[in-house]
Amino acid sequence: MLLRFRKHRLYEDLYRCQYNLAGIYQRTGNLSQALRHVDVAIKCASKTKDKLAERESLILKGKVGFILTKLSKIVHVGSNHHKLTTANGGTFTSSSASLSSQSH
């Protein structure tokens, strides 16, 4: 179906499909698919010279990017915690907890 939209230059309809698919993928947590579809929506909106549609797509892309950034930070922190836990023989103690236990 999407190929027909492209073939007949129905960019407004293709925009709506891509934008809605991006929103669905974003809500279901499939962020990479959401980014792919929102990028196509942005291109379609640009071809139709619809500034409102282009702006809506860019806002959605920003939301998806923000979620991805937050998730990557969470994964990074979790990875660092795992490295510290493994390096300490399976137990993680912060330096302040270690210092307070040494002073008693």
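Before moving on, here are some points about what is shown:
- Here r is the Cβ-Cβ distance between Ile67 and Arg9 and R0 is 22 Å; the resulting FRET efficiency, rounded to 0.05, is 0.10.
- Inter-site label distance for Arg16 and Leu52 at 7 Å from Cα along Cβ, in nm: 1.3 nm
- Sorted ascending by nearby beta carbons within 10 Å, beginning with the fewest, Leu31, Leu68, Leu52 become Leu52, Leu68, Leu31.
- Charge tally in the Cβ shell below 14 Å around Ala53, where Lys, Arg are +1 and Asp, Glu are -1, Ala53 excluded: +1
- Near Gly62, once Lys and Arg are set to +1 and Asp and Glu to -1 for all other residues with Cβ below 14 Å from its Cβ, the sum equals +1.
Where a number appears in this text, it was derived from the coordinates with a stated rule and is not lab data. Remember, it's a predicted structure, so these values are computed and weren't measured experimentally. Backbone-built Cβ (ideal geometry, glycine too); neighbour counts: all protein chains shown.
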